[in-house]
Amino acid sequence: MNSPFDFQNKNVLVVGGTSGINRGIAETFAKTGARVAVVSRSQEKVDDTIQSLKKCGAADAKGFAADVRQPEAIKNGIAELHKAWGDFAVVVSGAAGNFPALAMGMSPNGFRAVIEIDLLGTFHVMQAVYPFLQKPGASIINISAPQALIPMVGQSHVCAAKAGVDMITRSLCLEWGSEGVRINSIIPGPIDNTEGMKRLAPTEAMRAAVIKSVPLQRMGSTNDIANACLFLASDLASYITGAIIPVDGGWAQGGAGMMGAGLAEFFIHAK
Ligand code: NAP
Ligand code: COA
């Protein structure tokens with residue numbers, strides 16, 4: 001039997017795929033023999049990731065530097081990739097920005113920056129890829145966050161943005177399902193050795209509290225998220241669309257609130 005996780009001759013695009021969780025996803029698809037492309041703001045990070053994707057075994061690897069806040073740049077770059085490779089079987093959209101700040105401790109532009117990257121950026125990617133999706137058969141995965149479900153101190157911008165990302169997922173499931181396009185969100189739990197966790201749990205004490213708050217008593221790895229992406233992109237998931245799937249060791253069932261409590265301690269009670 002052929003492996004359901006054989007993505008040879010398939011085109012995979014990972015937006016925000018040049019570091020952390022998303023780079024792990026891109027490299028995992030590369031190991032299956034797919035053609036993999038990445039996008040992020042830094043040309044240097046794009047070039048470095050392309051080299052790594054090739055080493056991982058990608059049939060081909062490409063990428064371009066663009067900011068997801070710039071719809072034309074995203075549209076043009078994706079159209080160029082399509083010209084070279086043809087339709088996309090898998091699109092992962094995960095570019096995001098985060099900094100912990102109380103609502104009264106950020107400017108309107110600070111709030112806007114995160115909304116524009118996470119929420120508008122997701123919309124820009126969805127609009128840009130739609131004409132170039134394999135229909136039927138494409139699988140889109142938006143990378144959300146626990147903040148979409150659970151309010152946290154110092155995260156009003158991210159909570160608002162990621163809740164919006166999940167509603168894009170659920171709305172487009174209705175609009176694109178009849179063409180055989182599936183779209184789901186993954187909500188990663190706290191993932192070790194990532195920029196996100198460095199920003200949200202910057203001290204050893206906060207890190208230990210986060211681990212204690214996860215029912216499975218560990219942080220996740222980038223592989224945990226990449227494996228869920230392989231599954232969602234495969235035919236094994238052919239009846240799954242519009243789903244918001246936590247891959248988080250059970251964190252969203254209550255423990256994630258602990259990070260909120262940790263942030264409250266850091267920002268409010270420490271005053
Ligand atoms: P990361 O390493 O900072 O990855 C973010 C990626 O997005 C980078 O490739 C970055 O590259 C790119 N990016 C950022 N702003 C961009 C923009 N305006 N336009 C285009 N690309 C942009 O972060 P991470 O911690 O691995 O997080 C990855 C995803 O997982 C995010 O969606 C995050 O919300 C989600 N998540 C993370 C965790 C966690 O524990 N880390 C938990 C839940 C959810 P450039 O700097 O080159 O642009
Ligand atoms: N507290 C309060 N406000 C902050 C802040 C902080 N810690 N960090 C940034 N801001 C504000 C800035 O002051 C600015 O507002 P202003 O113009 O009114 O001063 C606004 O956010 C935008 O900052 P800027 O640095 O110009 O934005 P950018 O577009 O270059 O970067 C960020 C976007 C701020 C999200 C940046 O952290 C980033 O690029 N992050 C990507 C990586 C990341 O966050 N990874 C984790 C993913 S979960």
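For the reader, a short list of remarks on this structure follows.
- When the stretch 113-135 is filtered for residues that are away from ligand 1 (no atom under 12 Å from the Cβ) and either within 24 Å of M259 (Cα to Cα) or open to solvent by 10 Å² or more (accessible area, probe 1.4 Å) (or both), the ones remaining, listed by number, are F123, Q127, Y130, P131, F132, Q134, K135.
- Qualifying residue in the stretch 98-108 (condition: at positive phi and not acidic (D, E)): no
- Matching helices (runs of 4 or more DSSP H) fully within the stretch 1-108 where at least 3 residues are within 15 Å of ligand 1 (Cβ to nearest atom) and surrounded by fewer than 21 Cβ atoms within 10 Å (Cβ to Cβ): 43-56, 71-85
- Within the stretch 69-88, the presence of a residue that is within 14 Å of the chain's Cα centre (by Cα), under 23 Å from E27 (Cα atoms) and in contact (Cβ under 8 Å) with a residue 12 or more places away in the chain is excluded.
- Any chance I117 is aliphatic (A, V, I, L, M) and within 22 Å of A26 (Cα to Cα): yes
Yes/no matrix, rows are residues, columns are (1) free of Cβ contacts under 8 Å to residues at least 24 places away in the same chain; (2) within 14 Å of ligand 2 (Cβ to nearest atom):
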position	(1), (2)
I168	no, no
S171	yes, no
R182	no, no
I187	no, yes
D192	no, yes
L200	no, yes
A208	yes, no
S213	no, no
L216	no, no
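- Only one entry in D166, D192 is modelled with pLDDT of 95 or more and more than 22 Å from A237 (Cβ to Cβ), namely D192.
- Residue within the stretch 100-116 that is closer than 25 Å to A243 by Cβ and out of contact with any strand residue (DSSP E or B) (no Cβ under 7 Å at 6 or more places or on another chain) present: yes
- Of all residues in the stretch 56-65, one or more are farther than 22 Å from A145 by Cβ, within 16 Å of ligand 2 (Cβ to nearest atom) and either in contact with a helix residue (DSSP H, G or I) (Cβ under 7 Å, 6 or more places away or on another chain) or modelled with pLDDT of 95 or more (or both).
- Scanning the stretch 138-160 for residues that are open to solvent by less than 10 Å² (accessible area, probe 1.4 Å), in contact (Cβ under 8 Å) with a residue 60 or more places away in the chain and either of a type in the set (A, V, I, L, M) or in contact with a Ser or Thr (Cβ under 9 Å, 6 or more places away or on another chain) (or both) turns up S139, I141, S144, V158.
Here's the yes/no breakdown for (1) small (G, A, S); (2) at pLDDT 95 or above; (3) farther than 25 Å from M106 by Cβ:
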site: L149; (1), (2), (3): no, yes, no
site: R170; (1), (2), (3): no, yes, yes
site: G180; (1), (2), (3): yes, yes, yes
site: P202; (1), (2), (3): no, no, no
site: F231; (1), (2), (3): no, yes, yes
site: A237; (1), (2), (3): yes, yes, yes
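- Among the residues of the stretch 85-135, just one is closer than 16 Å to Q70 by Cβ and basic (K, R), namely R112.
The values are calculated or read from the model by the stated rules, or taken from the named source; none is laboratory data. This one's a predicted model, so the numbers in the text were calculated from it and none came from an experiment. Neighbour counts run over all protein chains shown; Cβ positions are idealised from the backbone, glycine included. What goes into the accessible areas is simple: the full protein's heavy atoms, side chains included, and nothing from ligands, DNA or RNA. Shrake-Rupley method; radii C 1.70, N 1.55, O 1.52, S 1.80 Å.
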